[in-house]
Amino acid sequence: MNTNPFSGHDSDRRAIWDMLVYRDIMAFLQEDWAMVADDFIEDGFIGLDAGRIGNPDAWRLGFPTLNAYREEWLRQAAEFKTLAWGEDIEAAMFRVTVLRDVEIKENVAVVHKKFFGSIVKADGSLQPMNWQTLYYCRKVNHAWKITGFTGYMPHFIGETSQTERLIKLPSGAGQHQTAGPYSPVLEIDPGKLVVLSGQAAIDPNGNVVGNTIEEQAAYTMDNCLRQLISTGCGFNDVFKVNVYLKNLEDWPRFNEVYREYFTGTLPVRTALKAGLLMNLLIEIEMWAVKS
């Protein structure tokens, strides 16, 4: 949504949002630096690159001059434009961008700009947009300008915990665009344990596929396989399966589909009757061990 969240009487914050969200997004998507060139103060500009690392000791002077930042901005804009998207990219950029926290003292401002969520690519995979940038701004001749920033910070700053080091979202993982706030698949102690969230017969656009248990079971197993492949696993690496059925009468017909996907030792399995979302007939969760 590209609507400015600040009311008309809050002219300073309204102008800052227009500069850091609206103009920045529109210029980036059009690869047009001229649209934002006047939003910066070149003298003394400096940009830190946190590299999405929570430990400030690892942050680096990524952009010692405005020209250095301009060159990287143009490079990223050109690279971004080559990607094929599965949703309206302008609307998606506004959806994942949040700017509401602005601290102003006299003619100086510190602005928190955050990115939450993912953008769906044309192939159904997701482009994560999860970081934050801290902008330093100054009001000059009644106009707000950017004097520098600390960018690509994780949402929560601090040392990576032992648990975080043992849990990894595979780089190739993806899920449908209507998915909730969860990871589709995780590697636990990367290289050893893999856990899949419940998969269902849902295509990348969030639509349910199939009206029969056979159709939905096959599409669900295919979705499970896609998640397993993103970690380097296959069905023969699976050791535990949980099956959730809307109708237990579908159990024999589901088994006829399920058994075709395994060639080695069958994994242990639990089956339950469950109330499922939309018109889903089945949901499947899997656990695997990497070879």
| If Lys139 passes every condition in (1) at pLDDT 90 or above; (2) buried (at least 17 other Cβ atoms within 10 Å of the Cβ); (3) not aliphatic (A, V, I, L, M) but one, which one does it miss? | (2)
| Out of (1) aliphatic (A, V, I, L, M); (2) exposed (fewer than 12 other Cβ atoms within 10 Å of the Cβ); (3) part of a strand (DSSP E or B), the odd one out for Ala34 is which? | (3)
| remark: Being closer than 21 Å to Tyr152 by Cβ, surrounded by fewer than 13 Cβ atoms within 10 Å (Cβ to Cβ), over 19 Å from the mean Cα position of the chain (by Cα) and among the hydrophobic types (A, V, I, L, M, F, W, C) narrows Leu61, Leu20, Leu83 down to just Leu61
| Residues that are more than 16 Å from Tyr219 (Cα to Cα) and out of contact with any Lys or Arg (no Cβ under 6 Å at 6 or more places or on another chain), drawn from segment 256-276 | Thr263, Gly264, Thr265, Leu266, Arg269, Thr270, Ala271, Leu272, Lys273, Ala274, Gly275
| message | Which condition from (1) under 24 Å from the mean Cα position of the chain (by Cα); (2) surrounded by fewer than 15 Cβ atoms within 10 Å (Cβ to Cβ) is the one that Lys114 breaks? | response | (2)
| task | Filter segment 64-80 down to the residues that are among the aliphatic types (A, V, I, L, M) and surrounded by fewer than 15 Cβ atoms within 10 Å (Cβ to Cβ), then identify the one that is farthest from Trp33 (Cα to Cα). | result | Ala78
| message | Yes or no: segment 91-100 includes at least one residue that is open to solvent by 50 Å² or more (accessible area, probe 1.4 Å), assigned to a loop (DSSP other than H, G, I, E, B) and not β-branched (Val, Ile, Thr). | response | no
| said: Checking the condition of a type outside the set (Gly, Ala, Ser) and open to solvent by 60 Å² or more (accessible area, probe 1.4 Å), which residue from Leu281, Leu277 passes? | reply: Leu277
| Is it the case that Trp33 is modelled with pLDDT of 95 or more, among the aromatic types (Phe, Trp, Tyr) and closer than 13 Å to Trp144 by Cβ? | no
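The values are calculated or read from the model by the stated rules, or taken from the named source; none is laboratory data. Bear in mind the structure is a predicted one, so any value in this text is a computation, not a measurement. Because the Cβ atoms are built from the backbone with ideal geometry, glycine has one as well, and the counts that use them run over all protein chains shown. The area values use the complete protein model at the heavy-atom level, side chains included, leaving out ligands, DNA and RNA. Shrake-Rupley method; radii C 1.70, N 1.55, O 1.52, S 1.80 Å.
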